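K.L.:
Sharing a structure, written as structure tokens. Questions coming.
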Amino acid sequence: MTKWIYLFNEVKEVEKLAGGSWDDVKGIVGGKGAGLLDMTRAGVPVPPFFTATTLACNAYQKAGKFPAGMWEQELKALKVIEKKTGKKFGDPKNPLLVSCRSGAKFSMPGMMNTILNIGLTDAVTEGLIKATNNARFAWDSYRRLVEMFGTVVMDVDDEAFEHPLAEFKKEKGYNLDLDMTAEDWQFITGTYKQVYKQQTGEDFPQDPYKQLKLATEAVFKSWNAKRATAYRNKEGISHTLGTAVNICTMVFGNMGDDSGTGVAFTRNPSTGDHKMMGDYLLNAQGEDVVAGIRTPDAIENLVKKLPQAYKQFMGITAKLEKHYKDIQDVEFTIERGTLWMLQTRNGKRTAKASVKIAVDMANEGLITKEDAVMRVTPEIVDALLHPQFDDSAMKQAEKDGHFFAKGVNASPGAAVGQVYFDADITEKMALEHKQETIMVRPFTKPDDVHGMIASRGVLTSEGGATSHAAVVARQFGVPCVVGASAIKIDLEKREMHVGEIVVKEGEWISVNGTTGQVFVGKIPMTTPSLDEQTELMELLKWADNICARKDMRVAPKGSPTRGLQVWANADYPKDAQRARAYGAVGIGLCRTEHMFFETSRLPIVQRMILAKTSEERTVALNELLPYQRKDFDGLFEAMDGCPVIIRLIDPPLHEFMPDEEKLLEEVITMRVKGETEGLKAKENLLEAIKGMHESNPMMGLRGVRLSINMPEIVEMQVRAIFEAAADCTKRGVVVKPEVMIPLTGTVKELEWIQPRLERIAAAVMQEKEIKFDYKFGTMIEIPRAAVTAKEVAKQAEFFSFGTNDLTQMTYGYSRDDAERNFLITYQEQGILEKNPFQTIDRDGVGKLMQWAIEEGRKTRPNLEVGICGEHGGDPDSIEWCHIIGNNYVSCSPFRVPIARLAAAHAALKHRPQKGLKVQSSKLKVAKKKVAKKK
Ligand code: PEP
Ligand code: MG
């Protein structure tokens with residue numbers, strides 16, 4: 001007979017079933033169940049429980065009923081619990097009450113169902129009053145069961161219960177649930193039972209076993225609830241996993257002022273600070289703390305109220321964190337002074353906290369530096385580089401009287417958007433009307449999640465740092481402020497106000513999730529400085545060290561780098577400075593043509609292009625030379641000691657000329673108006689541009705082809721590069737220039753152009769009487785160059801994959817039009833899994849790269865290989881570059897931190913097995929004659 005139910009003391013049995021894998025234990029009994037089993041084994045006080053497995057859930061989903069034997073096993077397990085607690089289910093004299101909670105392998109907070117106080121009936125409630133001498137507690141518990149059972153199991157709308165309670169409190173003049181007396185709760189229980197009957201057509205079940213059975217089923221069913229399915233879609237969790245159901249002895253935090261309940265994180269999940277953060281409420285039950293209905297007290301204040309329980313709690317949570325080596329998110333209840341731990345799980349946290357906690361834990365010796373690096377994903381680093389409000393703009397907004405309110409800084413980051421007061425409208429405005437929205441609510445519930453996801457930011461007037469709004473916003477990286485209690489929200493009028501300041505639906509506000517401040521209107525945002533993020537800087541240093549370690553990758557002898565480095569694409573000194581500050585150790589691509597477009601230079605460039613004779617062209621180029629020399633000087637200086645790859649001119653020349661259509665229009669207008677002055681010049685220019693026209697310019701006269709047709713341009717560029725390098729060397733700057741020839745298709749092109757350019761390099765060094773190392777190499781952007789890499793490497797000292805063009809030319813998709821025209825459809829139809837212009841297509845483009853490296857290094861074992869297409873900043877593509885033996889990836893300066901982390905992840909994921917020789921046999925073949933510099 002299949003075992004569907006496991007008791008609190010059966011962790012070993014589950015481990016056996018899971019084949020010793022804790023991950024599979026979680027798969028069978030869910031994350032929560034696994035946590036409870038593990039805590040019980042460790043001697044942590046956990047109320048006795050048993051768990052119905054995810055396998056039972058899946059069997060239930062398939063058959064629409066419990067699998068054979070499951071209910072009988074549940075009853076048997078209940079008997080064991082009765083024995084352990086000395087209480088009896090359904091017995092008015094000494095009643096055992098249980099909770100029924102969902103618990104999937106991966107935590108899905110608030111997405112599935114929970115029912116508390118199962119086992120209460122009219123008779124048992126009377127019995128409980130006698131047993132506890134606490135009528136208020138007993139009636140409060142019973143009314144909660146009727147409400148939860150009604151809404152969760154029988155699908156009754158919340159409002160049907162909330163409305164009569166609100167009316168009752170209004171009549172009595174009560175503000176809080178705490179004002180309710182025993183008689184009041186008894187009255188409300190009666191009302192709820194009537195509501196239940198009205199809504200379901202049945203009496204509230206007086207058979208506790210029926211309650212338990214239906215509750216178990218309801219939790220199984222909640223796996224397929226709309227919100228749970230949506231959550232799994234968003235988080236990429238498989239729909240086939242199913243949820244476990246944990247049936248746990250109820251302990252009560254609402255038995256008086258020596259009782260309470262709370263939730264806490266062992267470190268601050270917002271900032272990562274190493275300080276317990278949480279909330280508790282005295283004389284309250286389970287959901288009260290997270291629901292945000294009563295404003296809870298900070299956990300550190302518990303020491304004054306219940307010192308003994310607090311001390312025990314701090315000791316247990318410290319142990320739990322050490323045991324799981326991660327921040328723990330715990331739930332606890334204190335029943336008449338006795339502490340019970342109800343749950344522990346790895347806490348969800350903000351991007352900022354993820355990095356701080358990983359770095360702190362490594363420094364504390366709890367985890368290794370490798371663990372710390374692996375725990376932080378490239379997405380987290382991305383989020384940390386997201387915009388924040390500009391400090392001075394915030395101060396100005398305050399001065400201008402735009403401050404609105406302050407609440408708890410629940411999820412960091414800046415958000416500016418238009419205010420909406422419910423989740424559906426917020427989502428609609430964001431998705432259909434493409435508005436930037438901020439969702440504002442008194443507090444949020446699981447049904448509001450879709451609105452939160454669609455929002456730039458979330459604001460609530462109630463609840464604390466562990467309220468639903470706070471937890472969910474942190475998880476999704478949505479900036480959030482909660483508990484801004486000065487704000488009065490009028491949901492009917494669709495407006496909110498603080499004193500005189502009124503904000504109506506659709507108006508703009510700015511929410512600062514980092515400080516908790518809210519402003520009316522829009523505040524400008526800035527990109528955060530990496531320098532200030534000390535933990536991230538430290539983590540990225542560890543990442544760099546991992547990549548550079550000997551044991552991380554098989555490297556060919558003489559390889560210019562040990563591991564995969566991160567360089568940057570930068571055209572100007574200020575970009576290079578930023579790249580360096582972000583940790584780039586080289587420039588992988590300087591697109592020199594960008595420098596030609598500057599207003600002071602473009603007329604000279606155009607004159608150079610239109611020159612009729614070589615002499616005329618040389619005059620224009622001589623004017624450009626000082627500009628270029630200055631550009632390169634700045635780059636070398638910024639990258640002192642690091643390689644700088646400068647690509648010679650690449651685009652077709654018509655790109656530097658005025659727009660043909662516009663010029664034609666001007667000429668026609670002048671002719672119509674009879675204007676003659678300047679007409680001839682314009683007509684000549686038009687003719688020249690027409691003469692340059694190509695049907696397919698991206699495959700036309702550009703790159704090395706242009707250089708061979710018009711060598712004077714690149715000759716000037718090489719002179720400028722070497723003059724700048726010589727000047728810098730004289731000033732003490734260490735230069736490592738690498739000249740890159742674009743769009744090579746055959747080695748013959750290099751054989752034609754490269755020696756001429758190298759002669760110029762040698763001449764400049766002789767003129768300047770100085771020597772420094774340099775390289776001449778090529779981009780691999782044309783499939784033919786990749787295929788014939790063995791030949792190409794005879795001339796080229798380095799390869800840099802221009803994967804934008806290489807993808808364009810391998811697929812035959814226009815890089816300028818494909819995304820707009822058909823790529824989206826291709827992805828939707830599953831023809832392409834990913835956009836090949838974002839992530840390298842390993843099977844096609846990737847294979848060409850791999851071949852090119854292997855073949856190229858057969859000719860030149862120390863061939864330097866990099867990538868400078870957009871893929872250089874994409875984590876998946878970076879992993880591929882690591883696998884095939886690239887020396888570096890080069891990407892935009894802003895993506896450098898992400899690339900550094902992704903490179904370390906690739907290194908750790910693919911580290912060679914122990915015992916593997918560092919020199920691969922394939923690479924040993926590579927002893928070939930290498931073309932010498934002339
Ligand atoms: C490339 O083709 O990948 C590349 C870096 O060059 P560009 O984008 O300038 O054509
Ligand atoms: Mg290119």
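The values are calculated or read from the model by the stated rules, or taken from the named source; none is laboratory data. Everything numeric in this text was worked out from a predicted model, so none of it was measured. A quick note on method: Cβ atoms are made from the backbone with ideal geometry, for glycine too, and the neighbour counts reach across all protein chains shown. Just the protein is used for accessible areas: all its heavy atoms, side chains included, with ligands, DNA and RNA removed. Shrake-Rupley method; radii C 1.70, N 1.55, O 1.52, S 1.80 Å.
K.L.:
Just subtract the alpha-carbon distance of Val554 and Glu694 from 0.36 nm times their residue separation and send over the number in nm, one decimal.
P.N.:
Value of the extension gain: 45.8 nm.
K.L.:
Counting other Cβ atoms within 10 Å of each Cβ, which trypsin sites (Lys or Arg not before Pro) in the stretch 825-920 have at most 11 and sit in a DSSP loop?
P.N.:
Lys914, Lys917
K.L.:
Go through the stretch 488-595 and name the trypsin sites (Lys or Arg not before Pro) that are in a DSSP coil and have 11 or fewer other Cβ atoms within 10 Å of their Cβ. Walk me through the intermediate numbers first.
P.N.:
Numbers: sites: Lys488, Lys493, Arg494, Lys504, Lys522, Lys541, Arg549, Lys550, Arg553, Lys557, Arg562, Lys574, Arg578, Arg580, Arg591; in loops: Lys493, Arg494, Lys522, Arg549, Arg553, Lys557, Arg562.
The qualifying sites: there are none.
K.L.:
Hey, another quick one. Using unit Cβ charges (K, R positive; D, E negative) and no other charged atoms, how large, in debye to the nearest 20, is the dipole of the stretch 1-157 about its Cα centre?
P.N.:
Computed charge dipole of the stretch 1-157: roughly 360 debye.
K.L.:
Does the stretch 80-192 classify as rounded, prolate or oblate by the C-alpha gyration tensor (a ≥ b ≥ c root eigenvalues; a/c under 1.5 gives rounded; else a/b over b/c gives prolate, otherwise oblate)?
P.N.:
oblate
K.L.:
Still on this model: Give Lys352/Lys736; Lys352/Lys504; Lys541/Lys847; Lys172/Lys193; Lys275/Lys522 a once-over and call out the pairs whose C-alpha atoms are over 27 Å from each other.
P.N.:
Lys352/Lys736; Lys352/Lys504; Lys541/Lys847; Lys275/Lys522
K.L.:
Using Cα pairs closer than 8 Å and at least 6 residues apart in sequence, work out the relative contact order for the stretch 506-580, in percent.
P.N.:
Averaging sequence separation for qualifying contacts and normalising by length gives 15 percent for the stretch 506-580.
K.L.:
Right, another one. Suppose a student asked you for the relative contact order of the stretch 647-760, using Cα pairs under 8 Å spaced at least 6 residues apart; what percent would you report?
P.N.:
With pairs under 8 Å counted, the relative contact order is 38 percent.
K.L.:
While we're here: Say the dipole of the chain comes from +1 at the beta carbon of Lys and Arg and -1 at that of Asp and Glu; which of Ala762, Leu602, Val408 then lies farthest toward its positive end?
P.N.:
My answer, from the dipole projection, is Ala762.
K.L.:
Let me ask something additional. I'd like the antiparallel share, as a percent to the nearest 5, of DSSP beta bridges with both residues in the chain.
P.N.:
Close to 65 percent.
K.L.:
Step through the table entries Lys221/Lys348; Lys325/Lys557; Lys226/Lys356; Lys12/Lys369; Lys213/Lys234; Lys32/Lys88, compare each Cα-Cα distance with 28 Å, and write down the pairs that go over it.
P.N.:
Over 28 Å Cα-Cα: Lys325/Lys557; Lys226/Lys356; Lys12/Lys369; Lys213/Lys234.
K.L.:
Further question on the same structure: Determine the shape class of the stretch 636-715: with a ≥ b ≥ c the square roots of the Cα gyration tensor eigenvalues, call it rounded for a/c under 1.5, and otherwise prolate if a/b is greater than b/c, oblate otherwise.
P.N.:
Details: a/c = 3.32, a/b = 2.27, b/c = 1.46.
Cα axes put the stretch 636-715 in the prolate bin.
K.L.:
Can you give the relative contact order of the chain as a percent, counting alpha carbon pairs under 8 Å and 6+ residues apart?
P.N.:
Relative contact order of the chain: 9 percent.
K.L.:
Rounded to the nearest 10 degrees, what's the angle between the helix 660-673 long axis and the longest principal axis of the chain, both from Cα atoms, 0 to 90?
P.N.:
70
K.L.:
Could you state the angle between the C-alpha long axis of helix 534-548 and the longest principal axis of the C-alpha atoms of the chain, as a value from 0 to 90 degrees rounded to the nearest 10?
P.N.:
So the helix axis and the longest Cα principal axis differ by about 60 degrees.
K.L.:
Then there is this: Is there a quick way to get the dipole size of the stretch 364-517? I mean about its Cα centre, with the Cβ of Lys and Arg at +1 and of Asp and Glu at -1; what is the value in debye to the nearest 20?
P.N.:
So the magnitude is around 180 debye.
K.L.:
If I compute solvent accessible area with a 1.4 Å probe over the protein chains, what percent of it on the chain is carbon and sulfur?
P.N.:
Reported share for carbon and sulfur atoms: 51 percent.
K.L.:
With only Lys, Arg, Asp and Glu charged, each at its Cβ (+1 for the first two, -1 for the last two), find how big the charge dipole of the stretch 560-626 is about the Cα centre; round to the nearest 20 debye. Let's see the in-between values first.
P.N.:
Details: 9 positive and 7 negative charges, 53 e Å.
Here the size comes out at about 260 debye.
K.L.:
Oh, and also: Just the accessible area per residue of the chain, please: how many Å² with a 1.4 Å probe?
P.N.:
On a per-residue basis, the chain sits at 43 Å².
K.L.:
Find which of Ser485, Ala166, Gly278 sits farthest along the positive direction of the dipole of the chain, computed with +1 on the beta-carbon of Lys and Arg, -1 on that of Asp and Glu, about the Cα centre.
P.N.:
Going by the Cα projections, it comes out as Gly278.
K.L.:
Let me ask another. Find the centroid of the Cα atoms in the stretch 642-667 and in the stretch 490-560, then give the distance between the two in whole Å.
P.N.:
So the separation of the two Cα centres works out to 37 Å.
K.L.:
Per DSSP helix of 4 or more residues, -39500 (n - 2.57); summed, then divided by the residues of the chain. What does that give at 222 nm, rounded to the nearest 500?
P.N.:
Helices in the chain give a 222 nm mean residue ellipticity of -14000 deg cm²/dmol.
K.L.:
Would you calculate the separation in nanometres between label points at Thr746 and Gln194, each defined as 7 Å from the Cα along the Cα-to-beta-carbon direction?
P.N.:
9.5
K.L.:
Helix 122-132 versus the longest principal axis of the chain: what angle, 0 to 90°, nearest 10, using Cα atoms?
P.N.:
90
K.L.:
Specify the longest stretch of the chain that does not include any exposed loop site, a site being one of the GluC sites (Glu not before Pro) with a non-H, G, I, E, B DSSP assignment and at most 16 other Cβ atoms within 10 Å.
P.N.:
The answer is 1-201.
K.L.:
What shape does the stretch 378-438 have by the C-alpha gyration tensor, where a ≥ b ≥ c are the square roots of the eigenvalues, rounded means a/c under 1.5, and otherwise prolate means a/b greater than b/c and oblate the rest?
P.N.:
oblate
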